[in-house]
Each structure stands twice: as structure tokens, then as C-alpha cells.
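Only one structure is covered here, and it is reproduced in the block below.
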Amino acid sequence: MPRHFLTASDITREEFHSLIDFAIAIKRNPLLAGSPLENRNIALIFEKPSTRTRVSFEVGVRQLGGNPLVLNGNELQLARGETPEDTAQVLSRYVDGIVIRTYSHENLKRLAAASLVPVINGLSDSYHPCQALADFVTIRENRKTFSGLKLVFMGDGSSNVCHSLLMAAVYTGAQVTVACPKEYMPSEEIFRFAQSQGARINIEHDVKRACAGADVLYTDVWVSMGQENIKEQKIAALKPYQLNEEAQSVARKDHLVMHCLPAHKGEEITEGTFDSMNSVIFDQAENRLHAQKALFHLLYR
Ligand code: CP
């Protein structure tokens, strides 16, 4: 059976920490990465727009000696109703791995279950696990240990990015606080699962209380792809949860400001906070490349 990476729970705690360490090592010395994808073709399927995921995977596969095939989901028969199972069966006969950005996490699981080659989640409606890997690489670069660290995710607690931080929190010992309104809480199933696996996580509706003493303040765009119809109501509900100078003023002096991008400055984050000395946002984007190369090492070794 191939190894897939659909959520952080597809790897062990030890693998998670080795992956973070290896990503930092190959960032410093890219030669250490070698060519684990030599003579391998990797399909990169995008059913939604992407800048970071698409480019970092395409470049990363090439740097590891492989051949990336970027496929627009709209141009595949998947878009005309071919099943995830049949798509996986066929692609498994041509390529050595599938990275997919899609909508339904259930369909992603069906694709992976039928695939004979590793499947990597490049974002689904429920999770964005490659983003969480890069996030913890970025935190690790700036902090000696995750243990005792307080990370506050501000905004839409039901987002795939928040869910993936909760899942990754299982391995880190970090305290992850979700500062969100009652209308946008994390999925109860995911929250309870992460908690049952040992994640130190909680939900807080009072922003100041949430951000007090925080080591990391993290946010994501409020209106995701496909949510334009609820834009106004979502912005109104999330407005008190903006990552701004006020939130920064109660965090630790050396806190990190994080955002997975793309950003809508003036909505979920102020321009001043985005550009502040505490911001590691573009390191975070760069680390997508290193974290995903480390992930390929794990899946293809
Ligand atoms: N953070 C992220 O996934 O960016 P893209 O949507 O540009 O891939």
C-alpha cells in the first residue's frame, strides 16, 4: 500500500519532528535533499487557483529530480463526473504520485483509497496539511522548542488551515487557542479528535484574552474560494477577530505574525501588522517548498 498524506495524522510524531528538522536542514543546504524523485512523474492536480502550492510543488519536484505534470482540474474528466476511484486507477498507471487541490475531503479520501501511488493533499475543504508543516518549520526556525509555546489562530475556526494547525498540534506540545466567533468554530469532530490524540487546544471568544502572552498570532483570509455568496455576513462576524496592532500589543514582545496567504490587508490583518518586524509571513511561504521536499523524502524513501 502506498503512503498518503491527507492530514497530519498520516504521519507519526517522530516523523513529524524529523520532517521539520530535515526541512530546515535542506533549506540551509539544498544538496542534502538528493534526488529521491529521479525518474518519477508526479501529477499536480489543481481544481482551485493556487500560487504557493502550485509553484512550490512544481519547483520542489524538479529539485528532487522528478518530473511534475501540472493538471488543471477543469480540463480533466473528473470535472465531467469521472469518479475519483477511476481517476486514481488510471493515474496510478502513468505517474508515481498525485498531489491534488480539491473541494471535498471525502472525494480526496476516495481517490487515495483507490490509488496505487502516494496521494498528497494540496488543500481540501477540511484540511491544508502541507501548510501546517511549513508553519511549524517556520515556528521551529524562530523558537528552540514547540513545547509551552502559545499559538493563537484568529478568525474562521472552521477553516481548513485552522483544522490542520489543530491536527499538527497533536505532535508539538504547543497550546493552540482558536480565537473565533460562535458562528465559525472548528469542526467538533476534528477538535475532539485532535484533543483525544493529546493536542492542547482551546477556543476563546474574547480576543484580548486569547492573545495575551501569545508567542504566535496567526490568521487566514476570511472569505475563501467559493464563499463569495456569504462574504458580507462573514466579514461582519469575523471583524472583531482581526489580527492587528491591538492584538499584537498584548502578545509577547517577540511574538511571530503568521499568515498562510493570500492576504486581504485591511480585512483579516492590518497592513501595519502584516509588515511589522514580527512578521515571518514570507518565510512561511518559502518554507512550503522545503517542507514539501522533506515530505517527499518521507513518502518515497
Ligand atoms: N497558502 C496557500 O495554499 O497558497 P496558495 O493558495 O497560493 O497555494
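The values are calculated or read from the model by the stated rules, or taken from the named source; none is laboratory data. Just so you know, these numbers come straight off a predicted model, no measurement behind them. So basically every Cβ, Gly included, is an ideal-geometry build from the backbone, and we count neighbours across all protein chains shown.
Of everything in region 1-52 that's charged (D, E, K, R) and over 19 Å from Leu64 (Cα atoms), which residue is surrounded by the fewest Cβ atoms within 10 Å (Cβ to Cβ)?
Glu14
Could you say which residue among Pro240, Pro262 is over 22 Å from Ile139 (Cα atoms) and out of contact with any Lys or Arg (no Cβ under 8 Å at 6 or more places or on another chain)?
Pro240
Assuming Val152 fulfils every condition listed in (1) farther than 18 Å from Leu299 by Cβ; (2) within 14 Å of the ligand (Cβ to nearest atom); (3) in contact with a Ser or Thr (Cβ under 8 Å, 6 or more places away or on another chain) apart from one, which condition is it?
Answer for Val152: the failing condition is (2).
Go through (1) more than 30 Å from Asn39 (Cα to Cα); (2) within 16 Å of the ligand (Cβ to nearest atom) for Leu217 and report which single condition fails.
Among (1) more than 30 Å from Asn39 (Cα to Cα); (2) within 16 Å of the ligand (Cβ to nearest atom), the lone unmet condition for Leu217 is (2).
With the condition being of a type in the set (A, V, I, L, M, F, W, C) and in contact with a helix residue (DSSP H, G or I) (Cβ under 7 Å, 6 or more places away or on another chain), I'd like the helices (runs of 4 or more DSSP H) fully within region 78-143 carrying at least 3 qualifying residues.
In region 78-143, 129-142 are the helices (runs of 4 or more DSSP H) which contain 3 or more residues that are of a type in the set (A, V, I, L, M, F, W, C) and in contact with a helix residue (DSSP H, G or I) (Cβ under 7 Å, 6 or more places away or on another chain).
Mind telling me which of the residues Lys253, Lys208, Lys234 ends up being out of contact with any Cys (no Cβ under 9 Å at 6 or more places or on another chain) and under 28 Å from Ser104 (Cα atoms)?
Lys234
Scanning for something among the aromatic types (Phe, Trp, Tyr), surrounded by fewer than 20 Cβ atoms within 10 Å (Cβ to Cβ) and over 23 Å from Lys144 (Cβ atoms), does region 267-278 turn up at least one residue?
Yes.
Would you check which residues across region 77-89 are surrounded by fewer than 17 Cβ atoms within 10 Å (Cβ to Cβ) and either within 16 Å of the ligand (Cβ to nearest atom) or more than 27 Å from His297 (Cβ to Cβ) (or both) and list them?
Gln77, Ala79, Arg80, Gly81, Glu82, Thr83, Glu85, Asp86
Residues that are within 16 Å of the chain's Cα centre (by Cα) and not aromatic (Phe, Trp, Tyr): find the helices (runs of 4 or more DSSP H) completely inside region 229-301 holding 3 or more of those.
Filter on region 229-301 gives 281-300.
Is there any pair with a first residue in region 195-220 that is at positive phi and a second that is surrounded by 16 or more Cβ atoms within 10 Å (Cβ to Cβ) and of a type in the set (D, E, K, R) whose Cβ atoms are under 7 Å apart and which are 6 or more apart or on different chains, and what are they?
Gly213/Lys150; Gly213/Arg252
Just the residues that are away from the ligand (no atom under 11 Å from the Cβ), hydrophobic (A, V, I, L, M, F, W, C) and either within 16 Å of the chain's Cα centre (by Cα) or assigned to a helix (DSSP H, G or I) (or both), please, taken from region 28-57.
Within region 28-57, Leu31, Leu32, Ala33 meet the criteria.
In region 168-185, which residues are away from the ligand (no atom under 16 Å from the Cβ) and under 21 Å from Asp215 (Cα atoms)?
Taking region 168-185 as the starting set, the residues that turn out to be away from the ligand (no atom under 16 Å from the Cβ) are 169-185.
The answer is Ala169, Val170, Tyr171, Thr172, Gly173, Ala174, Gln175, Val176, Thr177, Val178, Ala179, Cys180.
What's the total number of residues in region 234-248 that are touching a Ser or Thr at 6+ places or on another chain (Cβ under 7 Å) and either modelled with pLDDT under 95 or loosely packed, with under 14 Cβ neighbours inside 10 Å (or both)?
The total comes to 1.
What's the number of the only condition in (1) of a type outside the set (S, T, N, Q); (2) part of a helix (DSSP H, G or I); (3) surrounded by fewer than 24 Cβ atoms within 10 Å (Cβ to Cβ) that Gly65 fails to meet?
Among (1) of a type outside the set (S, T, N, Q); (2) part of a helix (DSSP H, G or I); (3) surrounded by fewer than 24 Cβ atoms within 10 Å (Cβ to Cβ), the lone unmet condition for Gly65 is (2).
This table checks each residue for (1) within 16 Å of the ligand (Cβ to nearest atom); (2) over 15 Å from Tyr218 (Cα atoms).
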site	(1), (2)
Lys234	no, yes
Ala237	no, yes
Leu256	no, no
Glu268	yes, no
Ala291	yes, yes
